[in-house]
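Every number in this text was worked out from the coordinates using simple rules, so none of it is lab data. All values derive from a computational prediction rather than experimental measurement.
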Amino acid sequence: AFLIRKGKNRRVFHSADNAINIDNMSLSEIARVFKKVKYFYSYDSRTMYSEWAALCGAVSVIVPDTLDNPDFQCKAANWVPRSGVAYGEQDIPNALATIQELKDKMRRLEFESYVCVDKFAQFWSERLNNGVKTDTGLKRC
């Protein structure tokens, strides 16, 4: 499978003849594709779909801006390596070795979002109830 999105002005090496283009699919359709395919190639180096593909079990590869420059990521502004995602096919072993880091990161983010929502709900619950603390009923992780 592959994605073009913000990589639309780049040379694309995949076609609908030999791979599934997930552009314009719904999220549920994309999830089904990610669970079915072995590899996912993204021409958009800044999309969350790369992580989602890896979490669904696909080997997720960001196609370098220029295939003859495997260090393309070092030239991008604000580049941060992402666990579970390969930057070019030569980086697949690293992506596979760091998939657990990606899973741990996503669990942390989920927990942090619950905490933020709970604090928000608690703040407004107290404010609307004249400072009286109440149970917001939110699930605590």
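Along region 56-65 the Karplus relation, 6.51 cos²θ - 1.76 cosθ + 1.60 evaluated at θ = phi - 60°, assigns HN-Hα couplings of 7, x, 7, 6, 9, 10, 8, 6, x, 4 Hz to successive residues, with x for each Gly and Pro.
Spatial offset of region 88-137 relative to region 28-59 amounts to 22 Å, using the alpha carbon center of each. Do any of Lys105/Lys133; Lys36/Lys105; Lys36/Lys103 go past 28 Å between their Cα atoms, and which? Going by Cα-Cα distance, Lys105/Lys133 fall outside the 28 Å limit. Between amide H atoms placed 1.01 Å from N, distances below 5 Å from Val61 occur with Phe40, Tyr41, Ser42, Ala86, all of them 5 or more places distant or on a separate chain.
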